Amino acid sequence: MNASSLSSGRASGDGLRAALAGLLDGLPPRQAASAVDRLIANYRGTTPTDAPVLRDRSDVAAYAAYRMPATFEAVRACLDALRDAAPDWEPATHTDVGGGTGAASWAVAEAWDGAPRTAVLDWAEPALALGRELADGVFAAEWRRARIGGALRLDATDLVTVSYVLKELTEADRTALVTEAARVAQAVVIVEPGTPDGYERIIAARSLLVEAGFTVAAPCPHSGACPIEPGRDWCHFAARVSRSSLHRQVKGGSLPYEDEKFAYVAATRFPVAPAASRVTRKPQIRKGQVLLDLCGAEETGLTRETVTKRHGALYKAARDAEWGDPWPPE
């Protein structure tokens, strides 16, 4: 199904899933599952950016159907946190670096009513072609082939997103790319897998952005050093993703959802109001109390707060709190 047939004409998670639903028509389920297995094993981190793993439409369709909903939900959560910190800011232009089939661009188009003018840059032409087809009639974007690496030069833009890209690059190219994003953008959002090494890449990117004069808008309550001791833990979050039949074929299991783990940083060149603190783990709900693991102001760092019934409305808010939420609620 072409995205232009969607009745809403607006980017959304449901719209994306509907657009993806017809991608695998005519592709045998076993072939699709096999393609996804191979692509997931090889796509992130081992293949040079001058030799795309996404070779043809079948590869791209299988990978998009499997990965786009998860990437969309992760980026959407990051953008929600950025909007909370900067509720009056709205980008007019957006560059999606390494955007592939455009999952992050769908999230950006949903986040702001006046969807910004988007440019999606990627090396894989089949991915760009499919992304263009999916977005047709939903949001306007330019889909442009570009080598993602240290030599990339970007046009001035309000927002740069870099989602699930840094692991594909050498350390030198990662540094150059983040520096270039900081040079041209008013806000930068970088997302990586919620693994220890993904967190390390986010921390390195965060440091580069702060050194370039940016303020961290989320998830951190401040722009100082991360209070997590290297090697002992890592900061990451989770987004709930509806599982398609392809997900169930590849991973097995019967649950209708899975949780996408991700690490991120959102930083800006303009003033923002970060959360006073943020819930860094799934809240522990016990009889008459809720335990919240929090990252707070630079001087307080990591703390655990116990909220009980005697806290009244705050107790109810704590029971409703989710991993990644700001705390206390406004």
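The values are calculated or read from the model by the stated rules, or taken from the named source; none is laboratory data. In this text, all values refer to a predicted model and were calculated from it rather than measured experimentally. All Cβ positions, glycine included, derive from the backbone under ideal geometry; neighbour counts span all protein chains shown. Protein only, heavy atoms only, side chains kept; ligands, DNA and RNA dropped before computing areas. Shrake-Rupley method; radii C 1.70, N 1.55, O 1.52, S 1.80 Å.
What the table shows:
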read-out: Listed residues THR101, THR215, THR303, most fluctuating in the chain (Gaussian network, C-alpha, under 10 Å); value: THR303
read-out: Straight-distance crosslink candidates among aspartates and glutamates, where the alpha carbon sits under 17 Å from LYS287 and sequence neighbours closer than 8 are dropped; value: GLU305, ASP320
read-out: Length released on extending from GLU133 to TYR257, taking residue separation times 0.36 nm less the Cα-Cα span; value: 42.0 nm
read-out: Proximal aspartates and glutamates to LYS316, defined as alpha-carbon separation beneath 14 angstrom and excluding residues fewer than eight positions away on the same chain; value: GLU330
read-out: Largest-first principal axis extents of the Cα set of the chain (Å); value: 59, 45, 39
read-out: Accessible surface of the chain, 1.4 Å probe, proportion on carbon and sulfur as whole %; value: 49 percent
read-out: Chain lengthening between GLU90 and GLU322 when straightened (0.36 nm per residue, less Cα-Cα); value: 80.9 nm
read-out: Computed helical MRE - 222 nm, the chain, DSSP H runs ≥ 4 contributing -39500 (n - 2.57), nearest 500; value: -11000 deg cm²/dmol
read-out: Net charge contributed by nearby residues that have their C-beta within less than 13 Å of TYR315 (K/R +1, D/E -1); value: +4
read-out: Ordering of 114-125, 72-83, 318-329, 283-294 by packing [mean C-beta count within 10 Å, highest first]; value: 72-83, 114-125, 318-329, 283-294
read-out: Packing-based ranking, highest mean first, of 160-171, 144-155 given that Cβ atoms within 10 Å are counted; value: 160-171, 144-155
read-out: Percent RCO, i.e. relative contact order, over the range 78-131, from Cα pairs under 8 Å lying at least 6 residues apart; value: 39 percent
read-out: Residues of the chain: accessible area per residue with a 1.4 Å probe, Å²; value: 45 Å²
read-out: Using alpha-carbon coordinates, inclination of helix 125-135 to the longest axis of the chain, degrees; value: 70 degrees
read-out: Beta bridge orientation in the chain: antiparallel %, DSSP, nearest 5; value: 60 percent
read-out: Sequence-separation-based contact order of the chain, relative, with Cα cut under 8 Å and 6+ spacing, percent; value: 16 percent
read-out: Anchor LYS167: lysines whose Cα lies under 21 Å away (excluding residues fewer than 8 positions away in-chain); value: LYS261
